[in-house]
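Everything on this sheet refers to the single structure shown next.
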Amino acid sequence: MRSGEITLPFGGEDRLFRLRIGEVRAIEEKTGYGIGYIAFRLASLNAAVGLGQNIGQIIATGAIGPWKVDEVREVMLQGLIGGGMLPVEAKALVDRWVEPFPLEAAVLAYQVAVSWLAGGKEEPIDLGESKAGKPRSRSKTASRAGKASTAPQP
């Protein structure tokens, strides 16, 4: 099972963010959006920042994305709670750092969401056992996925 955790600088310190199914459901309930859709909405902003674009370039190219501040706030809040922070402390931290720095927080929220969706690099893909009761290997699963899709890789 993936841990859905990532350590990121937030509020002047490195913080542990962890999403588990309970936190993901809380995000989805609060925002009305699935975690994958939230990550999708934040992806263009994350890519633009990763390319070193400044705020003017990000806005001019439309890379700012269609995200909402409550999506960012809730991902950050639930990630901190899942990472072990008390809810009242997590809320105070989010209140202090998300509103004044919305773009920076949105990039972090993207990374927190993706850590649950994709896991860390060290977390192997494990889809469980096949119908025959034998564990599936990563390479067979990956090759089947590759053959089934004719779409170009992102």
Open item on the list: Could you derive backbone 3J(HN,Hα) for the stretch 49-56 from the dihedral phi with the Karplus parameters 6.51, -1.76 and 1.60 (θ = phi - 60°), listing whole Hz in sequence and x where the residue is Gly or Pro?
Closed with: 5, x, 7, x, 5, 8, 4, x
Open item on the list: Starting from the 7 Å offset along Cα-to-Cβ, what nm value, one decimal, do you get for the label separation of PHE101 and ASN54?
Closed with: 2.0 nm
Open item on the list: If I model a spin label as a point 7 Å beyond the Cα along the Cα-Cβ vector, how far apart are those points for ALA92 and ARG20 in nm?
Closed with: 2.4 nm
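FYI, it's all coordinate maths here, none of it is from the lab. Nothing here was measured: the structure is a model prediction, and the numbers come from that model. Note: ideal-geometry Cβ built from the backbone for every residue, glycine included; neighbour counts use all protein chains shown.
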